Amino acid sequence: MITPVLRLTKVSKQFTLHHQNGLALPVLNDVNFEVSAGECVVLDGASGMGKSTLLKLIYANYRVSTGSIQHIDKDGESLELTTATARELIAVRRQHIGYVSQFLRVIPRISTLDLVAEPLLAELGYDEQAVKQARTLASVWLTRLRIPERLWGLAPATFSGGEQQRVNIARSMIKPRSLLLLDEPTASLDPQNTQTVVALIHEAITAGAAAVGIFHDQAVGNQLATRRIDMANFRSITCAAQ
Amino acid sequence: MPVDTQSPILRVTGLNKSYGDRAALIDASFELWSGEVLAIVGESGSGKTTLLNALAARDKPDSGSVEFQLREGGLTDIFKMTEAQRRLLARTDWGFVHQNSADGLRMEVSAGANVGERLMALGQRHYGQLRATACDWLARVEIDPARVDDLPRHFSGGMRQRLQIARNLVTQPRLVFMDEPTSGLDVSVQAKLLDLLRQLTQRLGLASIIVTHDLAVARLLAHRMIVMRRGQIVETGLTDQVLDDPQHPYTQLLVSSVLQP
Amino acid sequence: MLKTNNTSEKTTETITSHENQAVDQHFNFAYLDERTKRMIRRAILKAVAIPGYQVPFGSREMPLPYGWGTGGIQVTASVIGPRDVLKVIDQGSDDTVNAVNIRRFFQRTTNVEITTQTQAATLIQTRHRIPEMTLTEDQIIIYQVPVPEPMQRLEPRERETRSLHGLAEYGLMHVKLYEDIARYGHIATTYDYPVLVNNRYVMAPSPIPKFDNPKMHMNPALQLFGAGREKRIYAVPPYTSVESLGFEDYPFEIQRWDAPCELCGSRDSFLDEVITDDQGGRIFVCSDSDYCETEQSKLGPSVVAPALSIAKDD
């Protein structure tokens, strides 16, 4: 039963740097593909081919130059992300689309536990019961990702890169979503933690999520990919010298 | 989470304001929904303060409309209301956090009286309850409730700002305006205040409009952003989108000018 | 004092307070010209129509300086007629400097009958007290007011207080009372205690002790208030509701004394404290001299305390 979750049609992206005399940087051209529930599409290509850009376009962090990006939910309702209002985008991000990146944007003064619990609270509300529930689940995730309990009460600003990344993964994945965008999620992790993250992603996909991912490590990509897409297909015609 | 209603909490259409020959605000339009935090960024002279003042009914625009969704009555043009209605709104459904806390507080009465004033204005007449409510709110903004009888004169800058926030939020307003709420504060104090604002807006489901020149504040607090230059809105969108993929030349300049520590 | 160069006139400089005066022919009846009286009467009518609302008026230059009751005098001068009987008191007494001077002024300019008996008066001009005896529908009481704006200390901008009155935004008044309780454990205001008139306007009743506030409520007499320096007139019509502000858990309360009046034994009146000797001895006596004398006369001729050879307010 094919249930598409994401559909890109004729998407292209060109950056215009107005302060460098309007220098145009074409990155993507004519991107077309679909991702369905249970799929993990891995993007292949050398650095600079626009893999990360593509993920950001899907997340509406970047704006497309042309084309359409649609998200389709379980009930078949589709939302055109390129023209959606801010309100609609915020809602779809909250409920359906998760972005797992390498970099944790640190909010000062929030403890690791609360940082990870927060996506659940935004949904459940902030009463005592909800907070307790959310924190319990957060601690399960942190345990699985091997963040020592003594660190849970601290803000992650002083953690190592690998620790921050694992906290980020917990935060991004704790709330089940139908579409996961994975931007080098295992970049700074040791083999053991990498495998844990792979397992987590795998579980999410098995549970019905769709995923689009970039993995610098070929082996990891192989473990997760149900399909691969070569970014060379979307190279902009005008940028030959890449 | 607030229930998503059918119409925005604020609808701004075609606002214009000139001071003599100088056009301070040109054709500003946008909508704000319940629970959204909107940052208005721009440099000095961009028109952001003029816009904020028009939105908060502190200054009448030359043309255009600002419609606010009343609890009962739907979207209503705030400049078509009577002065009495506007003042009532300003005391109940709206909050305004000033850049300079002395503008937003009564410096010569106690913290408790500052927090309780709106309630007294609305007819609350029980001293014990007023005091208890005040203590509760002081705790929520991380001021020691034991200081309820102290004068704001004896508070630090950060504490005064937090007191201002408590004073505004006590009537559970649905829309809060903030004018450079962290300017002039030490960095660590700013962090505390920003965190507080972030948590309160989220938990109370406030809609909020924050004028700031600090992009980091916008990124932390706001879902959406408007960039202003010379009285015009030059770019608008999700905060992360405007900051990470700026389209307009001015926005690109602004974003690239920010120092990264 | 008024001097005249014309030696053929009968006016004299040294006038005692209890002699009948010949009316000074240089002045219009009650000193003010008729146009001014009309203007003030219009202001009074407006004030009566809007109980508790401060009506601005064109306060005239009077032969007493500001701070000596010029507002009250102008109101009295505008309502007094030849058949009125006038009583003037200051802190309850007919004998103090202020009362004496004002009474003399009206004698010289109107020649109306004057009295010290509250019940005999038709007009009572007062500084800082309301007589103890209940007033009647045939009487007018005129208060001298220093500061007509009850919120003045908290909000000195008149532009702002006008808006607050207009919009009935009185949260600020309660802020002041809240502050008192926070600071002193109770509401510290003991005079000029703010009141809500006719459920609409908050008013400054003039520096009468809060003890007198309840007398203003549903009073059969017309109550007029004049502030000369601030140029405002306001009024409480007969049988109007006047409530003193307070909190549910800190309600308005009047003052009480442990001892009765030394002279007449009253436990119901406002008492002044009088120091009788250098050792700090003191007694309490009624502030309202007419009331005290009346009560004393009820007790019989023999009861006056011999220790009181010192008159109250010389």
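Read-outs: derived from the displayed coordinates by stated rules, not from any lab. What you are looking at is a predicted structure, and each value in this text was computed from that prediction instead of being measured. Glycine gets a Cβ as well: all are built from the backbone with ideal geometry, and neighbour counts include every protein chain shown.
How big is the convex hull of the Cα atoms of segment C:74-212, per residue, in Å³?
Per residue, the Cα convex hull of segment C:74-212 comes to 138 Å³.
List, in order, the whole-Hz ³J(HN,Hα) value for each residue of segment C:28-33 obtained from phi through the Karplus relation with A = 6.51, B = -1.76, C = 1.60 and θ = phi - 60°; use x for Gly and Pro.
Each residue of segment C:28-33 in turn: 5, 3, 6, 6, 6, 6 Hz.
For chain C, what relative contact order do you get, as a whole percent, if you take Cα pairs closer than 8 Å and at least 6 residues apart?
Averaging sequence separation for qualifying contacts and normalising by length gives 19 percent for chain C.
What is the log10 of I(q)/I(0) for segment B:171-241, computed with the Debye formula using one identical point scatterer on each Cα and no solvent, at q = 0.13, 0.23, 0.25, 0.27 Å⁻¹?
Each listed q corresponds, in turn, to -0.39, -1.13, -1.26, -1.36.
Say the cut-off is 32 Å between C-alpha atoms; which of C:K37/C:K176; B:K60/B:K192; A:K132/B:K192; A:K13/B:K60 go over it?
Distance filter (> 32 Å) returns C:K37/C:K176; B:K60/B:K192; A:K13/B:K60.
Can you put A:E88, C:E248 in order, fewest other beta carbons within 10 Å first?
C:E248, A:E88
If the cut-off is a Cα-Cα distance under 19 Å, which aspartates and glutamates reach C:K231, setting aside same-chain residues fewer than 8 apart in sequence?
Within reach: C:D33, C:E34, C:E61, C:E149, C:E155, C:E158, C:E160, C:D192.
Can you list the equivalent-ellipsoid semi-axes of segment B:104-172, largest first and in whole Å, using the square root of 5 times each Cα gyration tensor eigenvalue?
Over the Cα atoms of segment B:104-172, the semi-axes work out to 17, 12, 11 Å.
Can you give the helix-only mean residue ellipticity at 222 nm for the protein assembly as shown, where every DSSP H stretch with n ≥ 4 adds -39500 (n - 2.57) and the sum goes over all residues, rounded to the nearest 500 deg cm²/dmol?
Estimated from H runs of four or more residues: -9500 deg cm²/dmol.
Taking R0 as 30 Å, what's the FRET efficiency between C:V274 and B:D149 from their Cβ-Cβ distance, rounded to 0.05?
For C:V274 and B:D149, the calculated efficiency is 0.20.
State the Kirkwood hydrodynamic radius of segment C:178-282 in Å, one decimal place, computed from all pairs of distinct Cα atoms.
With all distinct Cα pairs of segment C:178-282 included, I get 16.0 Å.
Starting from the alpha-carbon convex hull of chain C, give the projected area averaged over all orientations, in nm².
18.7 nm²
Counting only DSSP beta bridges with both residues in chain A, tell me the antiparallel percent, nearest 5.
If I count the DSSP bridges inside chain A, around 55 percent turn out antiparallel.
Based on the Cα coordinates of segment A:42-190, what is the per residue volume of their convex hull in Å³?
Cα-based convex hull of segment A:42-190, divided per residue, equals 143 Å³.
Quick one: if you stick a label point 7 Å off each Cα along the C-beta vector at C:S241 and A:L154, how many nm between them?
6.5 nm
Grab the eigenvalues of the alpha-carbon gyration tensor for the protein assembly as shown, scale each by 5, take roots, and send me the semi-axes largest first in whole angstrom.
They are 78, 29, 20 Å, listed from largest to smallest.
With unit charges on the beta carbon (Lys/Arg positive, Asp/Glu negative), name the residue among C:A77, C:V88, C:V112 whose Cα is farthest towards the positive pole of the charge dipole of segment C:77-166.
The one lying farthest along the dipole's positive direction is C:A77.
Just how large is the dipole of segment B:104-172 about the Cα centre, in debye to the nearest 20, putting +1 at every Lys and Arg Cβ and -1 at every Asp and Glu Cβ?
Computed charge dipole of segment B:104-172: roughly 160 debye.
Kirkwood hydrodynamic radius, computed over distinct alpha-carbon pairs, for segment A:107-170: how many Å, to one decimal?
It works out to 11.7 Å.
So, R0 is 41 Å and r is the distance between the beta-carbons of B:S156 and C:D33; what FRET efficiency does that work out to, to 0.05?
My answer for the efficiency is 0.10.
What order do you get for C:D272, B:D136, C:D94 when you list them from fewest to most C-beta neighbours inside 10 Å?
B:D136, C:D272, C:D94
About the Cα centre of the protein assembly as shown, what is the dipole size in debye to 20, counting +1 per Lys and Arg Cβ and -1 per Asp and Glu Cβ, all else neutral?
With Lys and Arg at +1 and Asp and Glu at -1, about 2000 debye.
As an exercise, use a Förster radius of 51 Å and the Cβ-Cβ distance of A:Q133 and C:T190 to find the FRET efficiency, rounded to the nearest 0.05.
0.35
I need C:Y170, C:Y184 ordered by Cβ neighbour count within 10 Å, fewest first.
C:Y184, C:Y170
Along the charge dipole of the protein assembly as shown, which of B:T236, C:Y184, A:L115 sits closest to the positive end, that is, farthest toward it, with unit charges on the beta carbon of Lys, Arg, Asp and Glu (+1, +1, -1, -1)?
Farthest towards the positive end: B:T236.
Treating only the Cβ of Lys, Arg, Asp and Glu as charged (+1, +1, -1, -1), what charge dipole size does segment A:69-111 show about its Cα centre? Round to the nearest 20 debye.
400 debye
Of A:I2, C:N199, C:G166, whose Cα points farthest to the positive end of the dipole of the protein assembly as shown (charges on the beta-carbon: +1 Lys, Arg; -1 Asp, Glu; origin at the Cα centre)?
So the residue we want is A:I2.
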